[in-house]
Amino acid sequence: MNPREVALACLLQLSKKDVSISSVVDEAFNRYTLNSRDRRFVNALVYGVIRWKQQLDWVLGQFVNPKFRLDSKHRAILRLGAFQLLHLDGIPPHAAIYETVQLAKKNRKTTGFINAVLRSVQRKASELVYPSLDTHPIDHIAYSMSYPKWLVKRWIQSRGLPWTLAFCEASNQIASLSLRIDINKTYRDEFCEYLKSIGLSPKVSTFVPDGIVIENNAILDKNKGTTLDKDNILKDVITRDDVYVQDESAMLVSYLLMKDAPKLVVDLCAAPGGKTTHIASMIGNTGKVIAVDITKKKLTLLRENCSRLGVKNVDTLTIDATSADLSFIKSADAVLIDAPCSGFGTLRRHPDARWNKTSNQLLVLNDLQYKLLESAARHIKPGGIIVYSTCTVEQSENQGIVSRFLKNFPMFLVENAEDCLPEIPKNAITPEGFLQIFPHEHGIDGAFAARLRRI
């Protein structure tokens, strides 16, 4: 199969199943033989179509009779073609149209229709005018930036129009590749020199002392994920025993937890192990992390990551932390609750997250998040620390959960995140002392964290 055929197969699978882009693309790469260049192109097409789906449908809707019913395959083909025409500058329009039309070549009538629509997009898309930002801001952002209307409305109401515009624009950019280096094994500056010697362009993180960022200057185009031209070289880098792929905002959470050098930490939502292995490395052999998750499969992945990184001070436990006996927490110095969340802070890396959640699902998440925090609070010892964190920007999942918790558990106090993160920008700390990262303000994934001490 050629790259466009593989991309179409991925998009059709995503339209039928509630699965992540990364899992579908990885499965396709295991099934079909593609060289590095073709894999990058598949990534560009699949991630790009999902990211810009609403915009693509709006543009296509200007040239397709609304009475004409498209099945999922032909809608996906049209989206693929429109995406190439609107967002991939390196592909000649005639080639994009011809190759896309070939995806429907079994039906002559359909190929003629797809060809006509895509040629109209090529000729006239630049003349289209989106709904006015002044009079119809929700529609303008939803169609021009490709976001669900309910989310745009929610953000405008809670954050304001300027914030929503800036956040949506930043969240459509492609995130750089962030690496966490085990500084117990490797000096960061020396590792950067090594990366330069093999042709990569690293820079040290300004947020954390063990972070390295590789910019996207080697990426095929602006619309795909963090896959570099030097695929094989990069694979060798990220599979080393002193490297873990992790965004800088996620690394910050571990530092927020580690201020008092705890010796026993419980990670209640641990898989796949990014924060678990980070904390375990920081604690060292004199301490221990108990990694808890609800499924054995996820903990298997965590143990594999521990094995690759040489982390030996982690024990795992498969339980439902909202209902199981958590009395073992009484001996812990600190508990991390990296709660399941909407993931809206990571839209640069996971563009499908914007389409996979509803307002009702956020309410379900809110209940789960509070139950996790409540369960840990009932067992943590006096003086113990709970860090509650998410990778979302939703206030109901962040400040809302912590505020509700503090009302019901007055024996807990907020400790200012700035005291634990001295290098953090001032605008990353809320008036309450919480850590709040926004991609449009800080250039990294959105995240939230609160450090709570039982008195």
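Pairs linking a residue in region 428-447 that is farther than 17 Å from Gln173 by Cβ to a residue that is of a type in the set (Asp, Glu) and surrounded by fewer than 21 Cβ atoms within 10 Å (Cβ to Cβ), with Cβ atoms under 9 Å and 6 or more positions apart or on different chains, are Ala428/Glu418; Ala428/Glu441; Ile429/Glu418; Gly433/Glu415; Gly433/Glu418; Gly433/Asp419; Leu435/Glu418.
Do you know which of the residues in region 144-155 that are surrounded by 21 or more Cβ atoms within 10 Å (Cβ to Cβ) and under 25 Å from His87 (Cα atoms) is farthest from the chain's Cα centre (by Cα)? Ranking the qualifying residues of region 144-155, first place goes to Val152.
Can you confirm whether region 356-366 contains a residue that is at pLDDT 95 or above and closer than 24 Å to Val208 by Cβ? No - not one qualifying residue is present in region 356-366. A Cβ distance below 6 Å, combined with a sequence gap of six or more or placement on separate chains, defines the contacts here; from region 282-303, residues that are surrounded by fewer than 17 Cβ atoms within 10 Å (Cβ to Cβ) reach residues that are assigned to a strand (DSSP E or B) and polar (S, T, N, Q) in the pairs Lys296/Thr318.
For region 277-302, a residue qualifies if it is in a helix (DSSP H, G or I), closer than 23 Å to Val245 by Cβ and not β-branched (Val, Ile, Thr), and the qualifying residues are His278, Ala280, Ser281, Met282, Lys297, Lys298, Leu299, Leu301, Leu302.
Filtering Leu301, Leu326 for residues that are closer than 27 Å to Ile21 by Cβ and hydrophobic (A, V, I, L, M, F, W, C) leaves a single hit, Leu301. Taken over region 305-348, the criterion of being touching a residue at least 40 places away in the same chain (Cβ under 8 Å), more than 30 Å from Ala175 (Cα to Cα) and of a type in the set (Asp, Glu) is satisfied by Asp333 alone.
Yes or no, residue by residue, for (1) surrounded by 15 or more Cβ atoms within 10 Å (Cβ to Cβ); (2) in the same structural domain as Gly345 (by TED's automatic domain parsing); (3) modelled with pLDDT of 95 or more:
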| position | (1), (2), (3) |
| --- | --- |
| Gly90 | no, no, no |
| Val101 | yes, no, yes |
| Ala142 | yes, no, yes |
| Gln157 | no, no, yes |
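All conditions but one from (1) without any contact (Cβ under 8 Å) to a residue 12 or more places away in the chain; (2) in contact with a His (Cβ under 7 Å, 6 or more places away or on another chain) apply to Thr110; the one that does not is (1).
Taken as a whole, the structure leaves Arg123 outside the set of residues that are closer than 16 Å to Ala170 by Cα, surrounded by fewer than 17 Cβ atoms within 10 Å (Cβ to Cβ) and either at pLDDT below 95 or among the basic types (Lys, Arg) (or both).
The values are calculated or read from the model by the stated rules, or taken from the named source; none is laboratory data. Please read all numbers here as calculations on a predicted model, not as lab measurements. Quick reminder, even Gly has a Cβ in these numbers, built from the backbone with ideal geometry, and neighbours come from all protein chains shown.
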